[in-house]
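Accompanying notes for the structure given below.
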Amino acid sequence: MSDVSRLAALFAEARRPVVFTGAGVSTESGIPDFRSPGGVWARFDPAEFTYQNFVGSAEGRRRYWALGRATYPVIRAATPNAAHRALAELHRLGRLDCCITQNIDNLHQRAGLPSASVIELHGNATRARCLECGAPCTRDELHARLERGVDVPDCPACGGIVKPHTILFGEAMPKEAVEEASRRAGAADLFVVLGSSLAVYPAAYMPIHAKRAGATLAIVNLEPTRADAQADLVIRAGASPVMAAVADAMRARIPQRG
Ligand SMILES: [Zn+2]
């Protein structure tokens, strides 16, 4: 049996499969890993784009939005790839409990995975809200204002600071999302990592937490990860071809299950 067939069999047999997706899944949709060498941080200094600088001064926000104006169109123009589509299909087939993601591009939801089944550890770049009055707005609305020449789009209702839902450097992870992810990872009987090198917390901790709680651990990533030694199955490949094949295999199985 090939490794991909083994992964498909694991998805078919699991009662609570949980998937964890990282930057590798976004790069397969053409969204560059902004933190990689040669990425946007080659032109912008990440030390400037902290939560403290954003809330601390209008100048910090002006710099942030100059960067956001350059990066958001790339995210907006990207479309879901075969991995995103496969996960949405597995969920429809009752073969996916939830997707925990480090990605902020909203592509899991755009592929058809219900928002309630996507746990976003780093937030979501398509939404924003006012830190003073809580009024929500879309990033599309903010981007239109930036394009019209507004360099710091404040809240139209109260003049407060509007902050993207994305978690900034130096900002605490969203407590509820991290707790929910830990809970679902701990309850999983299959935990599959897609396109993450598991280099940062809490990503590094999730698969180990799931494994210790009894889950079978599978890792699909182009590069070695720090959890490979604990994994039951490691596939050194991109997420899209592997998950497309898994979805094909699952479709083929359905009639047999009657
Ligand atoms: Zn407001």
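Read-outs throughout are calculated quantities, based only on the coordinates presented, and are distinct from any laboratory measurement. Not measured: the values here are computed from a predicted model. FYI the Cβ positions are ideal-geometry reconstructions off the backbone, even for glycines, and counts take in every protein chain you see.
Quick notes on this structure:
- Residues of the range 168-192 falling in the label zone of residue 15, defined by backbone nitrogen less than 13 Å from a point 7 Å along Cα to beta-carbon, are 187-190.
- Cα centroid separation - the range 154-168 against the range 43-119, whole Å: 17
- Extension gain, residue 237 to residue 251: 0.36 nm times the residue separation minus the Cα-Cα distance gives 2.9 nm.
- Computed helical MRE - 222 nm, the chain, DSSP H runs ≥ 4 contributing -39500 (n - 2.57), nearest 500: -12500 deg cm²/dmol
- Between 16, 92, 139, the Gaussian network model of the chain with springs among Cα atoms under 10 angstrom shows the greatest mean-square fluctuation at 92.
- Each other residue within a Cβ distance under 13 Å of residue 131 adds +1 if Lys or Arg and -1 if Asp or Glu, for a net charge of 0.
- Helix 3-13 and the longest principal axis of the C-alpha atoms of the chain enclose an angle of approximately 90°.
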